[in-house]
1. Ignoring any ligand, DNA or RNA, what whole percent of the accessible area of the range 1-98 comes from carbon and sulfur when the probe is 1.4 angstrom?
2. Excluding the sites themselves, what is the longest stretch of the chain that contains no GluC sites (Glu not before Pro) in a DSSP loop with at most 13 other C-beta atoms within 10 Å?
3. In terms of Cα to Cα distance under 18 Å, which lysines are near enough to residue 111, apart from those fewer than 8 places away along the same chain?
4. On average, how much accessible surface per residue is there in the chain, in Å², for a 1.4 Å probe, leaving out ligands, DNA and RNA?
5. Please go through the range 1-48 and write out the trypsin sites (Lys or Arg not before Pro) that DSSP classes as loop and that have at most 11 other C-beta atoms within 10 Å.
6. If I ignore ligands, DNA and RNA and count only protein heavy atoms, how much of residue 11 is accessible to a 1.4 Å probe, in Å² to the nearest 10?
7. Let me check I have the definition right: for the range 27-123, take the eigenvalues of the Cα gyration tensor, multiply each by 5, take square roots. What are those semi-axes in whole Å, largest first?
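The values are calculated or read from the model by the stated rules, or taken from the named source; none is laboratory data. Here the structure is a predicted model, which is why all the values come from computation and not from measurement. FYI the Cβ positions are ideal-geometry reconstructions off the backbone, even for glycines, and counts take in every protein chain you see. Side chains are part of the model used for accessible areas, which takes the heavy atoms of the whole protein and leaves out ligands, DNA and RNA. Shrake-Rupley method; radii C 1.70, N 1.55, O 1.52, S 1.80 Å.
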Amino acid sequence: MLKLLLDEHISPAVADGLRRRSRSTIVHCLAEWENGAYLGQPDSICLRQAAAQRLTLVTYDRRTIPPLLKAWAEQGRAHGGIIFVDEKTIRPPDIGGLVRALAHLARKSRKWTWTNRVIFLTR
């Protein structure tokens with residue numbers, strides 16, 4: 001089952017919309033997850049805790065996350081999955097578009113294992 005952690009640059013409204021649209025999908029935004037303890041923390045710390053909770057990170061960050069994933073793979077370290085969103089495909093202010101795309105992915109991937117899975121979200 002897909003359990004999502006939205007990074008701090010994704011509006012909490014996306015989590016709210018996804019909860020309404022896809023009740024079986026567990027979704028947290030970074031601001032509320034663990035009472036906001038991971039806001040502003042390095043990506044590696046957030047990813048480590050997300051992996052421990054089997055959460056898949058949803059992020060627009062294609063600058064710092066890929067090198068971190070490469071380093072983790074070289075170390076044999078697992079993560080809970082990453083869903084990259086491209087700003088040209090779904091712009092950050094397009095809350096409805098992001099909610100629809102994530103809800104569709106949640107339905108399509110119901111039986112997938114998310115450990116170490118990396119995908120690029122489509123509309």
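1. Details: 2480 of 5150 Å².
Answer for the range 1-98 is 48 percent, counting heavy atoms of protein chains only.
2. On the way: sites that count: 32, 87.
Between the exposed loop sites, the longest stretch runs 33-86.
3. Leaving aside lysines fewer than 8 places away in the same chain, those within reach of residue 111 are 3.
4. Working: 6870 Å² over 123 residues.
Value returned for the chain: 56 Å² of accessible area per residue.
5. On the way: sites: 3, 19, 20, 21, 23, 48; in loops: 23.
Passing both the DSSP loop test and the Cβ count: 23.
6. 40 Å²
7. Numbers: eigenvalues 86, 51, 40 Å².
Square roots of five times the eigenvalues give 21, 16, 14 Å.
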